1. Do we have any residue at all in the stretch 319-326 that's outside the structural domain of ASN30 (by TED's automatic domain parsing), assigned to a helix (DSSP H, G or I) and crowded, with 22+ Cβ neighbours inside 10 Å?
2. May I ask you to say which residue of GLY335, GLY349 is within 20 Å of ALA368 (Cα to Cα), out of contact with any helix residue (DSSP H, G or I) (no Cβ under 9 Å at 6 or more places or on another chain) and surrounded by fewer than 20 Cβ atoms within 10 Å (Cβ to Cβ)?
3. Starting from the stretch 295-312, keep only residues that are acidic (Asp, Glu), then list their pairs with residues that are assigned to a strand (DSSP E or B) and at pLDDT 95 or above whose Cβ atoms are within a distance under 6 Å, requiring at least 6 positions of separation or different chains.
4. Where in the stretch 73-149 are there strands (runs of 3 or more DSSP E), lying wholly inside it, with at least 1 residues that are within 24 Å of GLU53 (Cβ to Cβ) and not assigned by TED's automatic domain parsing to the domain that holds VAL26?
5. Name, by its number, the condition in (1) closer than 30 Å to LEU151 by Cβ; (2) assigned by TED's automatic domain parsing to the domain that holds HIS362 that does not hold for ALA259.
6. With the requirement that a residue be touching a helix residue (DSSP H, G or I) at 6+ places or on another chain (Cβ under 9 Å), at pLDDT 90 or above and not aliphatic (A, V, I, L, M), what does the stretch 95-118 give you?
7. Looking at (1) basic (Lys, Arg); (2) over 26 Å from the mean Cα position of the chain (by Cα); (3) under 20 Å from ARG398 (Cβ atoms), which is the one condition that is false for ARG339?
8. Within the stretch 297-318, can you find the residues that are closer than 17 Å to ALA259 by Cβ and surrounded by 13 or more Cβ atoms within 10 Å (Cβ to Cβ)?
Amino acid sequence: MQSPDGFSQEDRVTNMRILHFSDLHVGVENYGRTDPATGFSTRLNDFLQSLDEVVESALAQNVDLVLLAGDVYKGRDPSQTHQREFAKRLVRLSTAGIPTFIVVGNHDLPNAVSRATAVEIFPTLGVPNVYVGSSLRTYLIPTKSGPLQLLAVPWPRRSGILSREDTRGLSVEEVREEVQRRMTDYILDQCQRLDPEIPAVLSGHVTVNGATVGTERSMMLGGDHVLMAGNIARPELDYVALGHIHKHQVLRWERPLLAYSGSLQRVDFSEEGDDKGFCVVDLDTAAPQGERLSDFQFHRLDARPFVTVDVSIDPDDADPTATALKAIAAKDFAGAIVRVRLSLPAEVGPRVRDSEIRDALHSAHYIAAITRESTDSSRRTRLDPELARDMEPMQALRMYLDNRDIEPRRRERVLRGAEELVREELAGPE
């Protein structure tokens with residue numbers, strides 16, 4: 001492996017190996033169906049299969065630490081099944097003597113300060129070799145290759161950083177800026193306290209300035225606190241392992257290297273073109289402080305593909321269905337979650353035979369939508385009625401937004417508001 005700054009695998013002294021992944025989101029079941037063999041959603045199977053690959057790789061490579069940089073579950077109240085399936089994988093690592101460190105993400109946090117996080121059960125039960133970073137501090141983790149200093153930066157609880165008195169008279173934006181300032185100060189203080197003789201890694205579930213953020217923002221709960229890359233790329237650190245943004249990316253190749261591992265599976269069509277996987281880093285414990293990173297690799301996973309088929313139909317097209325079928329045949333969508341977007345004049349619409357389009361997509365894992373967007377000035381997007389009939393309200397809304405040119409922040413606000421309304425409706429009158 002040769003990276004932009006000259007790292008290579010030749011003549012390396014590899015003493016400590018860390019597997020870094022994030023944003024597992026067990027519980028995401030969009031675009032799935034029931035698997036008769038397991039009774040699970042096929043999408044739950046996708047996410048668990050990816051986690052299995054992470055565990056198998058950790059065992060095969062005999063890593064020193066598995067680092068999960070936040071968001072184990074989709075929501076703050078995971079089902080018993082989701083907790084069981086995650087714990088089964090965690091126990092395999094624990095039994096093999098491989099420690100796992102979990103940074104608390106925004107999806108792991110309860111909606112009340114007094115409630116436990118979704119991952120707090122593991123230290124409570126005393127599960128060996130499992131550590132949870134629920135507060136911004138440095139943890140000393142024992143590994144088979146020696147101790148590791150792990151500076152955890154979990155998703156911030158505003159109440160844990162600012163008192164009511166601190167926020168009096170401040171706007172929402174001013175409160176966010178104050179939280180960011182104090183987080184930065186805490187990180188600086190912790191870095192200055194690090195033992196220079198022991199390897200040190202920062203792992204944060206945060207948004208870092210300069211990161212490429214797609215429309216996966218719809219998965220995020222609440223506003224982001226943005227930290228400056230220069231403020232967390234401290235010279236005392238050997239690696240910065242980030243989570244929260246689903247797109248894998250390296251923000252900085254200079255030491256310390258800053259990387260988002262990205263999520264293991266695609267959540268929606270905004271991640272259609274993203275590679276999915278996890279990172280593996282090697283630290284040379286004999287090297288000086290801040291200079292220990294000897295190798296970095298991104299391991300791609302064969303995540304469930306999302307495929308979009310865009311079809312533009314002319315007003316004088318004699319057989320618009322044939323045109324759509326030709327565009328579909330040009331795509332590789334076997335086993336994929338697929339959507340077809342037809343752009344056509346309103347008068348052509350009645351000549352499109354949706355049943356033939358659905359038949360042509362028989363090898364897809366799931367047909368997310370067949371939409372028709374009118375090229376007339378009175379633009380409208382319509383879902384195929386047969387597909388829409390079985391959709392949950394939130395799934396239908398996501399598909400509608402996916403097929404509209406909606407600004408990401410507005411999309412996030414719409415989805416968050418809709419989720420609250422659906423939650424209230426399901427809860428019924430108190």
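1. There is at least one residue in the stretch 319-326 that is outside the structural domain of ASN30 (by TED's automatic domain parsing), assigned to a helix (DSSP H, G or I) and crowded, with 22+ Cβ neighbours inside 10 Å.
2. The match here is GLY335.
3. Once the first residue is acidic (Asp, Glu) and sits in the stretch 295-312, its partners that are assigned to a strand (DSSP E or B) and at pLDDT 95 or above give ASP295/ASP282; ASP310/ARG341.
4. No strands (runs of 3 or more DSSP E) qualify here.
5. Here ALA259 clears every test but (2).
6. PRO99, THR100
7. The number of the failed condition is (2).
8. Those that are closer than 17 Å to ALA259 by Cβ and surrounded by 13 or more Cβ atoms within 10 Å (Cβ to Cβ): GLN297, PHE298, HIS299, LEU301.
The values are calculated or read from the model by the stated rules, or taken from the named source; none is laboratory data. The model shown is predicted, which means the values in this text are computed figures rather than measured ones. FYI the Cβ positions are ideal-geometry reconstructions off the backbone, even for glycines, and counts take in every protein chain you see.
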